[in-house]
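Peer 1: Got a structure here, written out as structure tokens. Questions coming.
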Amino acid sequence: FIKQLPPAQLPEVFGMHDNVDISRELQDTKQLFEDLLMTQAQSTGGGAGGASTEQKLTDIATDILTKLPSAFDIEDAVEKYPVKYEESMNTVLVQEMERFNRLGGVITTSLMNLQKAIKGLVVMSESLEQVAGSLLVGKVPELWSKSSYPSLKPLGSYINDLVARLKFLKAWYANDKPTCFWISAFYFNQAFLTGVKQNYARKYTIPIDKLDLDFEVLPCDDIDQHPEDGAYVKGLYLEGARWDSKRMALAESFLRYYTIQFP
């Protein structure tokens, strides 16, 4: 009887969805390729392939530096969006600009120093070697991750995501507070949520520690006006379930759909 049982049990036996098995296989494949990439030569100079490696690093660094916009002018931001008792979002915006300026400074400085090290103008330090090794295999350098928001994206997607976040803040600065906030764009999401609660607490004179957040999923995607209280947000995702727009309720995931964007 035991020999007749399948060698690998289906996820349904444990009450799980078929996507669980697919996700495990994808994770194993991802780990295999990461291990293979680690075996590649990480040398950034010398040898027969040194010149091509150096040129590749130079091209990657130049491409990233070209995509990144200039740093935010914090003094102008404070002047345009001063600290107000009735509007905590001004403080949230300025603090987010400061955080992204620090991250952008780390990325820009490391890439410029890497370019100088390739040209022999500065010493190729251990941290720069780690940055170079990560760039060659398409990973976010650990030096950047220490100053960054949490992210599991590879290098190319990480840079595109960073640029999109910076555009969101730039549009906020130029066009005033948005009617719908891209909550995934914040470096520190908790600051935004605290700001929402703080605005409500000050408006109705309620202690903020007595407040809690509640939510409602709206049947529309386009919002053209601010809510009377709270905030409209987008950029949330569902994992392990999906949103049924007709029933306005959670439903079981479709096969091979792992992450679903929330309305």
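The values are calculated or read from the model by the stated rules, or taken from the named source; none is laboratory data. What you see is a predicted model; the values in this text were computed from it and never measured. Cβ placement follows ideal geometry from the backbone for every residue including glycine, while neighbour counts extend to all protein chains displayed. Quick note on the areas: whole protein, heavy atoms, side chains included, nothing else; ligands and nucleic acids left out. Shrake-Rupley method; radii C 1.70, N 1.55, O 1.52, S 1.80 Å.
Peer 1: Enumerate the amide H contacts of Val122 below 5 Å, restricted to partners 5 or more residues apart or on another chain; note that Pro and chain-start residues carry no placed amide H.
Peer 2: Sorted by chain and number, the residues that satisfy this are Ala117.
Peer 1: Shifting gears a bit: Order of 168-179, 133-144 by packing, highest average Cβ count within 10 Å first?
Peer 2: Numbers: 168-179: 14.2, 133-144: 18.2.
Packing order, densest peptide first, comes out as 133-144, 168-179.
Peer 1: If you find the alpha carbon centre of the range 102-171 and of the range 212-263, how far apart are they in angstrom?
Peer 2: For the range 102-171 versus the range 212-263, the Cα centre distance is 33 Å.
Peer 1: At 1.4 Å probe radius, can you tell me the per residue accessible area of the range 158-237 in Å²? Mind dumping the intermediate values first?
Peer 2: Working: 5170 Å² over 80 residues.
Accessible area per residue, the range 158-237: 65 Å².
Peer 1: What does the highest-first list of 98-111, 211-224 look like by mean Cβ count within 10 Å? Intermediate results must be reported in sequence, preceding the final value.
Peer 2: Working: 98-111: 17.4, 211-224: 9.0.
The most tightly packed comes first, giving 98-111, 211-224.
Peer 1: Which one of Thr194, Phe181, Ser125 has its Cα pushed farthest toward the positive end of the charge dipole of the chain, where Lys and Arg give +1 and Asp and Glu give -1 at the Cβ?
Peer 2: Towards the positive end, the residue furthest out is Ser125.
Peer 1: In terms of modelled amide H atoms, which long-range or inter-chain residues lie less than 5 Å from the amide H of Phe181?
Peer 2: Under 5 Å from the amide H of Phe181 lie the amide H atoms of Tyr232, Val233, Lys234, each far enough along the sequence or on another chain.
Peer 1: To continue, here is another question. Could you please state how large a percent of the accessible area of the chain is carbon and sulfur, counting protein chains only and using a 1.4 Å probe?
Peer 2: Details: 9510 of 17370 Å².
Carbon and sulfur atoms account for 55 percent of the accessible area of the chain.
Peer 1: Nothing charged except the Cβ atoms of Lys and Arg (+1) and of Asp and Glu (-1): what's the magnitude of the dipole of the range 140-203 about its Cα centre? Round to the nearest 20 debye.
Peer 2: Details: 9 positive and 3 negative charges, 58 e Å.
Around 280 debye, computed over the range 140-203.
Peer 1: Moving to a separate point now. For the pair Asp63 and Val137, what calculated FRET efficiency results from E = 1/(1 + (r/R0)^6), where r is the Cβ-Cβ distance and R0 = 25 Å, to the nearest 0.05?
Peer 2: Working: r = 16 Å, r/R0 = 0.64.
For R0 = 25 Å, the calculated efficiency reads 0.95.
Peer 1: Under a point spin-label approximation (7 Å from Cα along Cα-to-Cβ), what is the Leu238-Lys80 distance to one decimal in nm?
Peer 2: Spacing of the two 7 Å Cα→Cβ label points: 3.7 nm.
Peer 1: Please express the shape of the chain as an equivalent ellipsoid: the semi-axes are the square roots of 5 times the eigenvalues of the C-alpha gyration tensor, given largest first in whole angstrom. The partial results should precede the final answer.
Peer 2: Details: eigenvalues 286, 233, 38 Å².
Equivalent-ellipsoid dimensions as semi-axes: 38, 34, 14 Å.
Peer 1: Another question, then. Before I look further, what does the range 48-105 give for accessible area per residue, probe 1.4 Å, in whole square angstrom? Provide the component values of the computation, followed by the final result.
Peer 2: On the way: 3240 Å² over 58 residues.
On a per-residue basis, the range 48-105 sits at 56 Å².
Peer 1: So what is the 222 nm mean residue ellipticity for the chain from helices alone, if each DSSP H run of at least 4 adds -39500 (n - 2.57) and you divide by all residues, rounding to the nearest 500 deg cm²/dmol? Show your work: numbers first, answer last.
Peer 2: Working: 8 runs with 129 residues, N = 263.
The helix-only estimate for the chain comes to -16500 deg cm²/dmol at 222 nm.
Peer 1: Scan around Ser88 for amide H atoms under 5 Å from its own, H built in the peptide plane at 1.01 Å from N, and keep only partners 5 or more places away or cross-chain.
Peer 2: Asn199
Peer 1: Okay, moving on. Once a ≥ b ≥ c are taken as the square roots of the eigenvalues of the Cα gyration tensor of the range 141-200, is the result rounded (a/c under 1.5), prolate (a/b larger than b/c) or oblate (a/b not larger than b/c)? Intermediate results must be reported in sequence, preceding the final value.
Peer 2: On the way: a/c = 2.83, a/b = 1.60, b/c = 1.76.
Oblate is the answer for the range 141-200, as a/c is 1.5 or above yet b/c matches or exceeds a/b.
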